[in-house]
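The next block holds one structure in the form of structure tokens; read it before the comments.
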Amino acid sequence: MLSDQQYKDMVAQIGRMNILSISGGRVIKMSKGVRLPVSAGISVVVELAANDTYIVRREFMRKVRGVETIFHHGQRTNVYCEQLAETAYVAGMYKSYGKGQAWVDEAARRV
């Protein structure tokens, strides 16, 4: 379970301005991280990993026949705190980089 201090640190490392540009300021606290809902079922999920790095993932969520289904659209692991803001920002720009691993490659190139 994510403590309140870990949650505050994670939000601070992503940065308020990045959160505003990714999700309009919406932050959903989860058990191991945060979910930043982008638009139309797309979310950026940031989780704290066991080795004190972060996992940044883009997810597409839909209800199929009444069952909530999550489709993964790329994931970047071993993201250090100084890379978190840029990686989360690139993950949130789904229209610019398309589906799948394209945003992961762009985030790796930028940091």
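Evaluate the relative contact order of the chain (contact order divided by residue number), counting alpha-carbon pairs under 8 angstrom at least 6 apart; express in whole percent. Don't skip to the end; give the middle numbers.
Details: 190 pairs, mean separation 22.7, N = 111.
Contact order relative to length: 20 percent.
Cα-based count: Lys pairs in the chain below 25 Å, eight or more positions apart or different chains?
9
Please compute the net charge surrounding MET61, taking Lys and Arg as +1 and Asp and Glu as -1 over other residues with Cβ under 10 Å from its Cβ.
Working: positive: ARG35, ARG62, LYS63; negative: GLU59, GLU68.
Taking every Cβ under 10 Å from that of MET61, the sum is +1.
For the chain, modelled as a Gaussian network with Cα springs under 10 Å, which listed residue fluctuates most, ILE70, ILE42, ILE19?
Sorting by GNM fluctuation, first place goes to ILE70.
When N is the residue count of segment 4-110, what does its C-alpha Rg come to as a fraction of 2.2 N^0.38 Å? Provide the component values of the computation, followed by the final result.
Values: Rg = 13.0 Å, N = 107, 2.2 N^0.38 = 13.0 Å.
Working it through for segment 4-110, the quotient is 1.00.
Pick out which of THR69, THR87, THR53 has the largest mean-square fluctuation in a Gaussian network model of the chain, springs linking Cα atoms closer than 10 Å.
Taking springs between Cα atoms under 10 Å, the residue moving most is THR69.
The numbers here are math on the coordinates, done by the rules we state, and not lab data. All figures in this text were calculated on a predicted structure; none of them were measured in a lab. Counting neighbours? That spans all protein chains shown, and the Cβs are built from the backbone with ideal geometry, glycine included.
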